[in-house]
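The structure appears right after this line, and notes come after that.
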Amino acid sequence: MDDARNIVMKIKELEGVSASSLANYEKVFNDFDRYFGDKTDVQTLTFDHARDFMYWQLNDKVQFANHKYLNANSKKKGVSKGTANTYLNHAKSIFNILVEEKIVEENIFSNLNRIKDKQKQVDTLTIQEVQQILKSLNKELYSEFREFVIIHCLLDSFGRINEVLSLKKQDVDFIAQTVTFTNTKNGKIRMVPITKKTVKLIEEMIKENEDFNSEYIFLTNHGKPLRPDTFRKHFRVITERLNIGKRIHPHLFRHTASMLFLAQPGASMRALQSILGHSELSTTSIYAHMLDDTVKEQHAMFSPLHLIEEKRKTTTRRKLKIK
């Protein structure tokens, strides 16, 4: 298993996959070690082993197993179906490489189907909640002005937090008003438009950081590139003082931006797919219920029955007058 890890990780790195994807492959190998043992001969593994591994993921895997502040009884067992499907995709990819490298004869995960899961409505913030968060930030403080700009970028570009924090000065076209994401989830470069206001805020952010002489836009107080985990930690402190009653995290702004986009008349699911960088429309369809809500509101306002009912009332009133 150790040899398989070294080979696969080397190949994935040469393929140029993102740092986050490499980390996910490492997580799968860590779970292989936990379940099979790091000295296991991968050639001895079968389809039954693969199926048992996925069952373990769903039902028996202890999360945060090494967390020193959680006792055994408070540690959750089993991952979500969505997480299990992510692990399954990576496991298939791993064994595809092992087959190509002639280390194993078959992909033991290839015949395992994705675990069916009911589609869930995603959480979003209301306009009032977004305004509340923005108003709470003290823009006189560097760290909170930085968060103010990041939130605008997240909402305006529909970007993921690692995409936004990876932006360099060269990734912003101040004339065309676009940003280019290079550190994307699928490894494909994505260019998206942004508004004039966000461009102006990015310019102010760069000016704030000019003494650090960094190619990155979002920096720590010490001039180092701001990492997603560092942002989440600081942002959590800020949002906890608001008592909004929701778990507020960076990805929530991507969901919120998508909801607000679709809530406007004429919004296109296809256009949203392109902005979000989804390769399949089915991935974007998690926001379909938002479009349904908009249709429902429009129907409530403009149902033909309103006109028919009004016509009937008018006719009735006229008849009463004649009588």
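Just so it is clear, none of the values below were taken in a lab; they were calculated from the coordinates. Since the model is a prediction, treat every value here as computed from it, not as a measurement. Using ideal geometry, Cβ is built from the backbone for each residue, glycine included, and neighbour counts are taken over all protein chains shown.
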Could you give log10 I(q)/I(0) at q = 0.14, 0.31 Å⁻¹ for the range 179-228, computed by the Debye formula over C-alpha point scatterers of equal weight, without solvent?
-0.44, -1.09
Loop-resident sites, the range 186-230, for trypsin sites (Lys or Arg not before Pro), counting at most 16 other Cβ within 10 Å (DSSP)
Lys188
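Please report, in debye to the nearest 20, how large the charge dipole of the range 102-204 is about its Cα centre when each Lys and Arg carries +1 at its beta carbon and each Asp and Glu carries -1 there.
Around 260 debye, computed over the range 102-204.
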Percent relative contact order of the range 129-216, based on C-alpha pairs within less than 8 angstrom and at least six residues apart?
24
One finds the C-alpha centres of the range 211-232 and the range 145-173 to be spaced, in Å, by 12
As a Kirkwood estimate from alpha-carbon pairs, the range 2-100 has a hydrodynamic radius in angstrom of 14.4
What full-extension length gain, to one decimal in nm, is calculated for Arg247 and Ser80 as 0.36 nm per residue of separation minus the Cα-Cα distance?
58.3 nm
Any idea how far apart Asp60 and Ala176 come out in nm if each label point goes 7 Å out from Cα toward Cβ?
5.4
Determine by what factor the alpha-carbon radius of gyration of the range 127-297 differs from 2.2 N^0.38 Å, reporting the quotient.
1.04
